[in-house]
Amino acid sequence: MNSEPGLIAPDRVRKIIHVDMDAFYASVEQRDNPELRGKPVAVGGSEARGVVAAASYEARTYGVHSAMPSVTAKRKCPDLIFVKPRFDVYKFVSGQIREIFAEYTPLIEPLSLDEAYLDVTENLMGIEIATEIAREIRAKIKAATGLNASAGISYNKFLAKMASDLNKPNGQAVLTPKVGPRFVETLSVKKFHGVGPATAEKMHRLGIQTGADLKERDLQFLIYHFGKSGPYFYGIARGIDERRVRPDRVRKSIGAEDTFAEDIHSFEPALEGLRPLVAKVWRYCDTHNIRAKTVTLKVKYSDFNQITRAKTADKPAASATEIENIVTVLLGPVFPAQKGIRLLGVTLSSLEQAAEGPTDDLQFALPLA
Ligand SMILES: [Mg+2]
């Protein structure tokens, strides 16, 4: 705990909410297509090597779950309906729920499109009771999107995350500082957030089945067996998790550069070399809904001298193609070059949040819901 010299930081109890949409992708599909309602739905590929990205609650009763091979899912549930993912729609809904969160706190840490931690200790509405905030947020999400969300409320991220599962779907649960540590003791370690199947297996081999078992091991033992995760496990076994809710860092620029195996001497190969860099910075813009007005080209020569050329437009670039066009304009006067070019870079700055909805560029599939 950092504090100013001579001052002891008051150990304030935080109020953390973990909001998690219920069967997100599948629920969006059922919302938008009434024929899917009440039926077992899997979002994801039905082809031979496809994987279920999300399953409706009806499908889950058959044992179908996300990350399951589609073949297995179909065997478990022969009537399973496969639906193609529509990430543009999921991203749009994700933006809607983010706006609702932002009414309450700037401290929002998204885990994926449909999950986020909120620190509401000092919330913008001045609401004292975090469970009340969670109830309001869930009601607003329902009103704005027609979808159900669950929430967990606690004094740290780990317990808030565990709590959001307790009354799922369409429910919420609170774990107070009083009940948190005892709750952890009874919990099976394989249900712990941050304990994956491999770690759970390792814990079982070490005789650790529950939080209570974990609590019996000392810090040295946990660091010896689990390395950097040791202190985290030591803490959560006691219901302690000091990790802060970290909002998305505000970035001032987005850049990518590449050093080439052989020096470049002409325009065409230089543009070829820049294309993947443009694609990379654009991908970041697209997934974060950010647009840039300024494009900067960086050229480093074989003697390590470097130049930059920038162009700022009135309107932000709205596609990879637009950025590439600007890069092409900037690159033109670089040739003929006296020296070989060893490195090229593209940086976007004058960033702003995109006003329009997400693009329907699906090549950058997002993580599983
Ligand atoms: Mg979810």
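The values are calculated or read from the model by the stated rules, or taken from the named source; none is laboratory data. Note that the coordinates shown come from a computational prediction; the quantities given were computed from them, not determined experimentally. So basically every Cβ, Gly included, is an ideal-geometry build from the backbone, and we count neighbours across all protein chains shown. Each accessible area value is taken on the protein alone, full model and side chains, heavy atoms only, with ligands, DNA and RNA left out. Shrake-Rupley method; radii C 1.70, N 1.55, O 1.52, S 1.80 Å.
Observations
- Per-peptide average of other Cβ atoms within 10 Å, ordering 178-190, 281-293 highest first: 281-293, 178-190
- Cα centre as origin, Lys/Arg/Asp/Glu Cβ charges: segment 180-236 dipole, Debye: 140
- Projected label distance in nm at residue 32 and residue 328, using a 7 Å step from Cα toward the beta-carbon: 3.2
- Paramagnetic label zone (point 7 Å from Cα along Cα-to-C-beta, residue 99; backbone N under 14 Å) in segment 110-140: 140
- Note on exposure: 260, 92, 233 ranked by accessible area (1.4 Å probe, complete protein assembly) read 92, 260, 233, with the most exposed listed first.
- A cut-off under 14 angstrom between Cβ atoms defines the neighbours of residue 104, and their net charge, with Lys, Arg +1 and Asp, Glu -1, is -3.
- Across the chain, counting alpha-carbon atoms alone, Rg and Dmax equal 24.8, 72 Å.
- Under 11 Å, Cβ to Cβ, from residue 37 - net charge with Lys/Arg +1 and Asp/Glu -1: -2
- Whole-number percent relative contact order across the chain, with pairs defined as alpha carbons under 8 Å at least 6 apart: 16
- Ranked by the mean number of other Cβ atoms within 10 Å of their residues, highest first, the peptides 272-280, 144-152, 192-200 come out as 144-152, 272-280, 192-200.
- Per residue, the chain exposes 52 Å² of accessible surface when a 1.4 Å probe is rolled over the protein heavy atoms with every protein chain present.
- In this simple spin-label approximation, residue 259 and residue 79 carry label points 7 Å from Cα along the Cα→Cβ vector, and these lie 6.1 nm apart.
- Each Lys and Arg contributes +1 and each Asp and Glu -1, all at the Cβ; summed about the Cα centre of the chain, the dipole is approximately 700 debye.
- For the chain, the share of accessible area belonging to carbon and sulfur comes to 53 percent (1.4 Å probe, ligands and nucleic acids excluded).
- Proximal aspartates and glutamates to residue 311, defined as alpha-carbon separation beneath 14 angstrom and excluding residues fewer than eight positions away on the same chain: 322, 324
- Full-stretch length increase - residue 125, residue 47 - with 0.36 nm per residue and alpha-carbon distance subtracted: 23.3 nm
- Farthest toward positive dipole pole in segment 29-158 [+1 Lys/Arg, -1 Asp/Glu at C-beta], among 131, 71, 41: 71
- For segment 152-186 versus segment 67-125, the inter-centroid distance based on Cα atoms is 19 Å.
- Projecting the Cα positions of 162, 282, 335 onto the charge dipole of the chain (unit charges on Cβ atoms of Lys, Arg, Asp and Glu, taken about the Cα centre) puts 162 furthest along the positive direction.
- Taking a span of 15 Å or more along the helix axis (Cα atoms) and a mean Kyte-Doolittle hydropathy of at least 1.0 as the rule, the DSSP H helices of the chain that qualify are 320-331.
- Label positions at residue 228 and residue 178, each projected 7 Å from the Cα along the C-beta direction, are separated by 3.9 nm.
- Aspartates and glutamates whose Cα lies under 17 Å from that of residue 202, excluding same-chain neighbours fewer than 8 positions away: 213, 216, 218
- In the chain, a dipole from Cβ-located charges (positive for Lys and Arg, negative for Asp and Glu) runs towards its positive end, and of 19, 256, 323 it is 19 whose Cα lies farthest in that direction.
- Euclidean distance between Cα centres, segment 10-54 to segment 224-270, Å: 27
- Shown are 266, 46, whose ranking by accessible area with a 1.4 Å probe and every protein chain present, most to least, is 46, 266.
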